[in-house]
Amino acid sequence: MVQLTKKQLVLCGLLGVACIAAIAIGLGVGIQQANPSGSSSQITSSRSGLFETWDGINKFDENIYEATVPPPSPSLLGEFDIAAVSADGQPCAQIATDILQKNGSAADATVAGLFCVGVINTQSMGLGGGFLLTYYERATGKAYSLNARESAAAAAYEDMYHGNEILMENAKGRWWADKKPSLQGGLAVAVPGELRGYRQLYERFGGKIPWAELIEPTIKLCEDGHIVNWHMARALKLNELLIMNEPSMSVFINPDTGTVYEEGDTLTRPQLAKTLREIQSDPDALYTGQLADKLIQDIQSFDGIITIEDLQNYRPLWKDAVNVSIQHGNYTLYSVPPPGSGLLLGFILNILDEYNITPESMNEENFIVTHQRITEAFKWAYAKRTELGDADFVDMTELTHNLTSDAFAKSIRSQIKDNRTFQDPEHYGAVTAVDNDHGTAQFSLLAPNGDAVSVTSTINLYFGAGIRSVQTGIVFNDEMDDFSAPNITSYFGIPPSPANFIKAGKRPLSSMCPSVLVDADGNVRLVAGAAGGTKIPSAVAWVLLRNLWLNEDIKKAVDARRIHHQLFPMKFSYEEGTLPDIVDGMQKIGHETEMFGVGGSVVCAISHENNEKIYANSDFRKAGEVDGF
């Protein structure tokens, strides 16, 4: 009988994972990329045959303790000279790039790209949802945040889902009668902010390209049809029972098969195309006029409480971006303030900054300690997540000061033990809990003039509330579930967070943290953000630290298997494919561990290294693309 060494077993396991992933992703994604004519860009794919995969594992063996770096995925690494776009849906990056090549602004290109993603990945985002955005203006060196997050209707109140007999009576006979009312059906819908957010962005930083021209490519996708990508196909299959039983969602049923559309099918959205035509001539059509009336009629037909006044009164909010200085002022991270989670991302990086993480931190002697420090930083940050809320309703001044303070990060760092962890959430300062959030889509852009945009958009769960406006073609969000509610103790026995309780006009807590990192000269170094609900801050931090401190190219940083800890549950989570050595080491320190499948978060990132070449990658975990010139 042949005896294999531990290293050989690891290599065999990695080869198996690599082969399965290569087959599954290769069949599922089938990404092809063509450069725009006249482009000086280069986009390379690491997709290769079995022998090259094996060669990648042999190279990996040279430093077996780089334990979260798998063989290269099939995703594309874009190399550009002037501008780049990374989107988690195709052909949206190309549409945005076309706008830039017509001398459109970063804002113009972002609006065009987001309209596209809302159709291509309608399971994740769209006009029925909302977004958070970070905009960096190179000429002034200033960064701004745009909050177009959905808000609670005027009729919403703190305890609206608890023991509500009228709600239960109205739901009788509906398919969602036995579902959580904040997740599915009309009462789950918050006032959408997406379209007014696009217009605010366009009016402040755009306008070089006519508004109607930005929407035209997406209208063509709706009218002529677009190919259903593997990610949408998976979401459709997961929600097939819902879609088959909800008449308003019948647009996602293939009339030729009588089942939901599958990967490779062509899906048309004629009603949404008509809506977009109206928006071309009237950017505020969904908030005033006939389109608004139609939207409200459909929401209220599902027992929703949003009124025409709620739509008319909705306003996207410009704020200063939060900023955190790292590497002794060599870099500044800009991200979104509460109710977004930019503070958490900055706090994680600030805690880790003084550990002086380098490539040697992942060698045989150090890699367990490095993972322990990163994990503990996650735990301390996610403890502070329980205190976040809408800053227009809850005072976030002290929390913002602490989470951006070097002194506070130092005090937390002094409490992190390299050989011990703690199971009590109160050790990390958490006395309340907040629910998980879900879904989302990410879009990142670096323009020729040095402006950068990172935006994360969402309707929450796949296909939001599971209902669609038949008159407009828009899928409604279920963002009300991102609020906390009194009288409902979490599964972990922790009371809910009052900072995130429902109030009329309030915007719920979000894990979204679209971010831009600039150097001391004001040049953009990184543009990044992620989809993936509660895993977003840890995923973005993981990718940034690997590119910035481990000197990995942006694709390698995005490809790397991820780790996560959100305090609730009290478990160290690791992505399938992470080496057993890491898991064993973390267990010995005292962590309870659990594995999650490849996925869970999707990062779209752009790296501008040494102020020379621009590199872009769209996570292989979703059917995205990069483009540029």
*Out of 543, 558, 527, report the one residue that is assigned to a strand (DSSP E or B) and either in contact with a strand residue (DSSP E or B) (Cβ under 8 Å, 6 or more places away or on another chain) or without any contact (Cβ under 8 Å) to a residue 60 or more places away in the chain (or both).*
527
*Within region 119-132, is there a residue that is in a helix (DSSP H, G or I), touching a residue at least 12 places away in the same chain (Cβ under 8 Å) and of a type outside the set (Phe, Trp, Tyr)?*
yes
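Tell me yes or no: at least one residue of region 330-340 is more than 24 Å from the chain's Cα centre (by Cα) and of a type outside the set (A, V, I, L, M, F, W, C). Walk me through it before giving the result.
From region 330-340, those more than 24 Å from the chain's Cα centre (by Cα) are 330; that's our starting set.
Checking which are of a type outside the set (A, V, I, L, M, F, W, C) leaves us with 330.
Yes, because at least one residue in region 330-340 is more than 24 Å from the chain's Cα centre (by Cα) and of a type outside the set (A, V, I, L, M, F, W, C).
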*Hits in region 344-386 (condition: part of a helix (DSSP H, G or I) and free of Cβ contacts under 8 Å to residues at least 12 places away in the same chain)*: 360
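Looking only at residues that are of a type in the set (Lys, Arg) and more than 28 Å from residue 431 (Cα to Cα) in region 552-598, which one is surrounded by the most Cβ atoms within 10 Å (Cβ to Cβ)?
The first filter runs over region 552-598 and keeps only residues of a type in the set (Lys, Arg), leaving 555-556, 561-562, 571, 588.
Right, trim to more than 28 Å from residue 431 (Cα to Cα) and you get 555-556, 561.
On the way: 555: 27, 556: 21, 561: 18.
My answer is 555.
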_Out of everything in region 369-408 that is over 25 Å from the mean Cα position of the chain (by Cα) and of a type in the set (A, V, I, L, M), what residue ends up being surrounded by the fewest Cβ atoms within 10 Å (Cβ to Cβ)?_
407
_region 510-543, subset crowded, with 24+ Cβ neighbours inside 10 Å, of a type in the set (Gly, Ala, Ser) and in contact with a Gly (Cβ under 8 Å, 6 or more places away or on another chain), residue farthest from residue 147 (Cα to Cα)_ = 539
_Step by step: first the residues of region 257-281, then only those that are out of contact with any His (no Cβ under 8 Å at 6 or more places or on another chain) and hydrophobic (A, V, I, L, M, F, W, C), then the one that is farthest from residue 238 (Cα to Cα). Which residue is that?_
279
_Breaking point among (1) of a type outside the set (Lys, Arg); (2) modelled with pLDDT of 95 or more; (3) within 23 Å of the chain's Cα centre (by Cα), for residue 183_ = (2)
*Can residue 110 be described as among the hydroxyl-bearing types (Ser, Thr, Tyr), assigned to a helix (DSSP H, G or I) and at pLDDT 95 or above?*
yes
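Can you tell me which residues in region 318-368 are polar (S, T, N, Q), closer than 16 Å to residue 515 by Cβ and surrounded by fewer than 24 Cβ atoms within 10 Å (Cβ to Cβ)?
Narrowing region 318-368 to residues polar (S, T, N, Q): 323, 325, 327, 330, 332, 335, 341, 350, 356, 358, 361, 363, 366.
After this cut, where a residue has to be closer than 16 Å to residue 515 by Cβ as well, the list is 323, 325, 327, 332, 335, 341, 350.
Within region 318-368, 323, 325, 327, 332 meet the criteria.
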*Identify, please: which residue in region 290-343 is among the basic types (Lys, Arg) and not in a loop (DSSP other than H, G, I, E, B) and is, among those, farthest from residue 523 (Cα to Cα)?*
294
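Going through 227, 215, 209 one at a time, which residue ends up being under 16 Å from residue 96 (Cβ atoms) and under 24 Å from the mean Cα position of the chain (by Cα)? Give the derivation first.
On the way: 227 fails: under 16 Å from residue 96 (Cβ atoms); 209 fails: under 24 Å from the mean Cα position of the chain (by Cα).
Among 227, 215, 209, only 215 is under 16 Å from residue 96 (Cβ atoms) and under 24 Å from the mean Cα position of the chain (by Cα).
The values are calculated or read from the model by the stated rules, or taken from the named source; none is laboratory data. Small disclaimer: the values here were computed from a predicted structure and weren't measured. Don't worry about glycine lacking a Cβ; one is built from the backbone with ideal geometry, like all the others, and counts go over all protein chains shown.
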